[in-house]
Each structure stands twice: as structure tokens, then as C-alpha cells.
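Every read-out reported here was derived from the displayed coordinates using simple, explicitly stated rules and does not represent laboratory data. Computed from a prediction, not measured in an experiment: that's the story for all the values here. Positions of Cβ are generated from backbone atoms using ideal geometry, with glycine treated the same way; all protein chains shown enter the neighbour counts.
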């Protein structure tokens with residue numbers, strides 16, 4: 001078996017300074033969203049100017065997704081959207097939902113599992129905001145959400161956010177330790193929780209599943225599909241797309257029905273499911289190109305085109 | 001006592017083989033100290049989803065729970081011997 005290199009984004013140190021993040025969060029909470037959004041311009045400009053890696057990876061992605069050759073303003077918009085979603089977490093986590101216009105598309109069908117208090121695996125990606133999803137879960141008693149998060153990656157931001165909302169901290173399932181993580185996931189699912197996880201970044205010793213994605217070969221994690229097949233749980237997909245201004249649209253889709261898959265068929269099943277997920281991810285990335293927040297080489301097996 | 005422990009190790013190894021549909025391996029030939037995780041050539045080569053299925057099979061057969069985030073669970077998932085010891089210590 002070929003050796004799996006450490007994913008590139010793991011090497012990219014968090015580029016934000018703790019005191020600065022805390023200052024921005026403090027300012028945002030006291031000034032309100034409209035004023036705080038003025039900060040997005042210098043923040044986005046800083047990341048655009050100081051990050052050659054970010055610029056390069058943004059351009060590589062945008063070349064694949066945009067109908068026109070990417071301009072530096074496209075990269076700026078992508079960074080600006082990213083900064084917007086991070087800033088909005090402050091307001092979403094402190095319960096200031098009235099700041100936003102959040103719409104739900106396709107929710108009825110896919111949330112039926114959750115509505116019945118039935119466990120489901122909820123897959124998302126670094127596309128748009130995951131935090132708007134909490135708004136849907138809030139105020140629905142039967143609907144309980146747990147989120148898998150790597151506390152080591154992005155630790156500082158997670159800590160700051162967790163302090164804003166203790167409920168957020170309680171619903172995190174720590175992504176460390178392979179077998180322990182799977183047991184944790186099972187315990188949450190067995191108690192009827194919906195478990196949300198990012199399904200676009202390969203971590204640890206997972207060789208991943210190669211899929212066609214935006215005209216190239218990319219790798220997606222294999223864990224979610226194995227878990228769903230072993231436990232016979234439905235898989236629902238959700239993307240909280242930022243539309244600009246104060247509007248978000250949540251898109252729900254059922255990817256797999258509840259179904260146990262015999263071990264012998266699991267590899268083929270995972271391949272088919274991961275490819276289907278990649279196609280839906282591609283659909284939403286094309287529809288909302290600036291919501292893509294994976295600023296690393298997503299197609300490492302492809303020769304660079306620039 | 002020794003014989004009972006050995007018999008349980010055999011049983012647990014059989015459980016692993018049937019729960020995970022492992023072919024070309026029999027419980028008798030496996031070293032009870034072989035690592036459960038890691039490379040196939042020296043051990044069982046289980047992945048974390050396999051571990052979950054083993055935990056569920058053990059719970060079903062012996063009524064013994066392997067709970068996440070407990071040191072006992074981490075230790076139990078070392079080898080067939082440690083799994084069998086965990087079962088022996090916790091089953092009623």
C-alpha cells in the first residue's frame with residue numbers, strides 16, 4: 001500500500017493571532033454585525049496580500065469552478081466570504097439569529113429522520129457555514145445534534161467559540177483516537193442523536209477514496225461510508241451556503257437511506273457513495289463558488305496547471 | 001483457571017473471525033498476544049470500524065460494554081488476550 005502523506009492543511013499553521021481574534025470577537029459582540037463587518041475588508045485584504053499559498057490554491061480551485069479565468073477579485077471574494085462566515089459564527093453562537101435571513105431548502109424530506117428522533121449521519125464540507133445548521137436544530141426538542149471536531153486542528157478558534165456558547169462545547173465529539181472516536185460516535189447515534197461531520201478532508205491513516213471532482217481526481221475520507229454501512233444509518237447531506245449580506249440558505253439532501261451493507265460489498269458501496277457525495281459537492285460548489293473554504297491543494301494527484 | 005482463560009481467548013478469537021468475516025484465518029493459529037490494530041502481517045489489522053463491530057459483537061454475546069473514553073476499553077483493544085480478560089472481568 002502506498003504511504004499516505006500528511007494532508008497539506010495540517011502543516012498550514014493557523015495564521016490568526018489569539019489576542020487579535022479575541023479582540024475582534026469582543027468588538028463584534030459590542031458593536032453589532034453591521035459595524036463589525038467593516039473589519040472584513042482589512043482582514044480579507046491582509047490574508048490576500050500576505051498569503052501566497054492561499055492565493056495559489058484559491059486560483060487553482062477557481063480555475064476549475066468558474067466559467068471565466070479567475071481574476072484577483074475572485075480570490076478576494078472567496079477570502080471575504082470565508083472571513084464573513086467565521087465572523088458570523090460569533091453571532092450564531094451567541095443566539096443572535098435575528099441578524100440573519102436563513103432559508104431552508106429541501107429540509108422537509110431529509111430532516112424526517114431527525115424529526116422522529118432517529119439517528120442519522122449528517123455530512124457537510126468546508127463549503128459555507130456549518131453553524132447556521134444549529135439554528136434549525138434549536139427549538140426542536142427531539143432533534144439533537146452532535147458535531148465531530150478535531151480539537152487539535154484550529155484549537156484556538158474552537159476554544160474562543162466554545163467560550164461563547166457552552167452548549168456548543170457540549171455537543172462536540174472529539175475526533176481524536178480512531179477506535180475511541182468510532183465508539184463515541186456509536187454512543188451518540190445509539191441515543192438518537194444526529195451526528196454531523198465534515199466529509200471533505202482526509203485525516204490520519206485513512207487512505208481515502210479517490211473520486212472525480214471538478215474535473216480532477218480528489219480524495220475523500222472513507223470513514224463516514226464505512227460507519228453508515230456498518231450501523232445501517234441514513235446519510236443526509238447539508239450545506240449552509242452564504243449568499244452575501246445577511247442571507248444563508250441551508251440545503252438538505254438525503255444521500256443514502258438506512259441500510260446495512262454486508263462487509264463484502266462495503267468497499268464498492270463506499271466508492272459509489274463517495275462519488276455521489278462528490279457530485280453533489282461539485283453541484284453546490286459550482287452554484288456557490290466563493291463558499292469553498294479548503295485553501296489547500298485538493299487535487300494532490302493532479303499535475304498543477306499553472 | 002488457565003484452561004478457562006484459554007478457552008475464552010479461543011471464543012473471543014472465533015467471535016472476531018465471524019463478526020469480521022475474516023477468511024483464511026482460524027482462531028487456533030492466532031497468537032493471543034498479536035496486536036488487533038496495525039499491519040496485517042504481524043496482527044489482525046483491524047480498523048476502527050472493525051473495532052466498533054467487535055465491541056457490538058462482544059456486547060451482544062457477553063453483555064459486556066466497551067464504552068468510549070474509558071481506559072479499560074483502550075487497554076482491552078490491545079489483543080485477543082486483553083479483550084478476553086476484559087470480558088472475563090466484566091461479565092456476570
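What the table below lists for this structure:
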quantity	calculated
Contact order relative to length of segment A:8-291, as percent, for alpha carbon pairs under 8 angstrom and 6 or more apart	22
Number of partner chain Cβ atoms within 10 Å, mean per residue of A:169-179	3
Rotationally averaged projected area of segment A:147-306 (alpha carbon convex hull; nm²)	11.1
Rounded FRET efficiency, nearest 0.05, which uses the C-beta distance separating residue A:56 from residue A:246 and R0 of 22 Å	0.10
Along principal axes, Cα extents of the protein assembly as shown, largest first, whole Å	74, 48, 41
For chain A, built as a Gaussian network whose Cα springs stay under 10 Å, the top-fluctuating residue of A:204, A:215, A:232	A:215
Projected label distance in nm at residue B:47 and residue A:71, using a 7 Å step from Cα toward the beta-carbon	4.5
Label point at residue A:163 placed 7 Å out along Cα→Cβ; residues across segment A:27-57 whose backbone nitrogen lies under 16 Å	A:27-30
Ranking of B:44, A:72, A:19 by count of other Cβ atoms within 10 Å, fewest first	A:19, A:72, B:44
Stretch gain in nm, segment residue B:69-residue B:4, where the contour uses 0.36 nm per residue and the Cα spacing is subtracted	20.5 nm
Shielding of A:181-190 by partner chains, average beta-carbon count, 10 Å	5
Among B:57, B:72, B:27: highest mean-square fluctuation, GNM of chain B, C-alpha pairs under 10 Å	B:72
Debye intensity ratio in log₁₀ form over the Cα atoms of segment A:266-306, taken at each q of 0.20 Å⁻¹	-0.83
Percent antiparallel among DSSP beta bridges (both partners in segment A:8-291, rounded to 5)	40
Within 10 Å of each Cβ in B:60-72, the average number of Cβ atoms from other chains	2
Of B:45, B:63, B:24, the one that fluctuates the most in a GNM where chain B has Cα springs shorter than 10 Å	B:24
Label-to-label distance, nm, for residues given as residue A:263 and residue A:286 (7 Å Cα→Cβ offset)	4.0
For segment A:141-210 and segment A:252-306, distance of Cα centres in Å	19
Rh (Kirkwood; distinct C-alpha pairs) - segment B:1-84, Å	12.9
Per-pair calculated FRET efficiency, R0 = 41 Å: residue A:27 and residue A:271 via Cβ, rounded to 0.05	0.30
